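For reference, the structure is listed below as structure tokens.
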Amino acid sequence: MIGVKARNRISTFFKYFVLIVVGFIMVYPLLWMVSATFKSNNEIFSGIGLIPQNPTLDGYRNAMNDYGGDINLLRSMLNTYSYVIPKVIFTILSSAITAYGFGRFDFKGKRILFAVMLSTLFLPQVVLNVPQYLLYNTFGWVDSPWYLALIIPTLFAVDTYFVFMLVQFMRGIPKELDEAAQIDGCNTFQTLVKVIAPMLKPALVSCALFQFMWSSNDFMGPLLYVNTPAKYPAAIFVKLSMDADNGFAWNRVLAISLISIIPSLIVFFAAQNQFIEGISAGSVKG
């Protein structure tokens, strides 16, 4: 008879074995993408092996070339984060303030307004593209050198998912802390900044990471509202590199894609603990 400890060890072994296999299958495409940047076109399509037979740096050398006139990879990445960072900051501020209002105050029509806000989650972005474009064009925000059409809306908590996430997280914070802060002389804004916001840190980090990654990978938004090639972000530059007249050098395309996602990977791994805590905590609040 197999002892209890032996059965537990066997069970643990198979659990970790399955997790390792599944994890390797999931991460394999990314590993292949990295290795493919060192391969030639012929070798890329000759198999799915990870180790290049004839390693070359041509993909990275060509990645620094200009495609589309006044734009290159480094310029496109600077363009990307020149509006992504403000979007993240304004999203966090506006979403936190809106969630604070819904989560901590009772006012007339609160339930109706909250229901209307949540209903916007069911609207696909493609439905909003035309009216938003007409509105932003009227305001003169289309092709703005400051990416106004991409940045300004985030001042008004337009990302409903983040507001809902923060409200759910805020329900787990005792209201007695608000009362204690008021007794100590804090006004409503000071209570949010000094009491609520520090406890919301994991959820705020999660929202910031989501917005950072979504905005960095956004293709349709810049395609609609940015017309000047010199202001194109990395998402459009990758597409431009694929449309170049000298053909599809896939090692170059993959190298450009890899370089463009490196900042997102760094940010994610730097804040992954807070991200996981925010997601797990916000999911169980009722």
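Between the labelled values (1) -0.38, -0.84; (2) -0.39, -0.95; (3) -0.31, -0.79, the entry that holds log10 I(q)/I(0) by the Debye sum over Cα atoms at q = 0.07, 0.12 Å⁻¹ as derived from this structure is (2). Here the sum of -39500 (n - 2.57) over DSSP H runs of 4 or more residues, divided by the residues of the chain, equals -21000 deg cm²/dmol at 222 nm, to the nearest 500.
Net charge dipole, the chain: roughly 980 debye, given to the nearest 20, about the Cα centre with Cβ charges of +1 for Lys and Arg and -1 for Asp and Glu.
Heavy-atom accessible area, probed at 1.4 angstrom with all protein chains present, ranks Cys186, Cys207 as Cys186, Cys207, highest first. For the options Val193, Val167, Val126, a Gaussian network treatment of the chain with springs between C-alpha atoms closer than 10 Å singles out Val126 as fluctuating the most. Summing charges over neighbours of Leu258, with a neighbour being any other residue whose Cβ is under 15 Å away from its Cβ, gives +2 when K and R count +1 and D and E count -1.
Solvent-accessible surface of protein heavy atoms, probed at 1.4 angstrom with all chains present, puts Arg111, Arg75, Arg9, Arg104 in the order Arg111, Arg9, Arg75, Arg104, largest first. Sorting Val84, Val4 by solvent-accessible area of protein heavy atoms yields Val4, Val84, largest first, with a 1.4 Å probe. Using C-alpha pairs below 8 Å separated by at least 6 residues, the relative contact order for the chain is 32 percent.
The lysines within cross-link reach of Lys5, meaning a Cα-to-Cα straight distance under 27 Å and a gap of 8 or more places when in the same chain, are Lys15.
Sorting 220-233, 24-37 by average packing, meaning the other beta carbons within 10 Å per residue, from highest down gives 220-233, 24-37.
The values are calculated or read from the model by the stated rules, or taken from the named source; none is laboratory data. Here the structure is a predicted model, which is why all the values come from computation and not from measurement. Glycine also receives a Cβ, built like all others from the backbone with ideal geometry; neighbour counts cover every protein chain displayed. These accessible areas exclude ligands, DNA and RNA; they are computed on the full protein's heavy atoms, side chains included. Shrake-Rupley method; radii C 1.70, N 1.55, O 1.52, S 1.80 Å.
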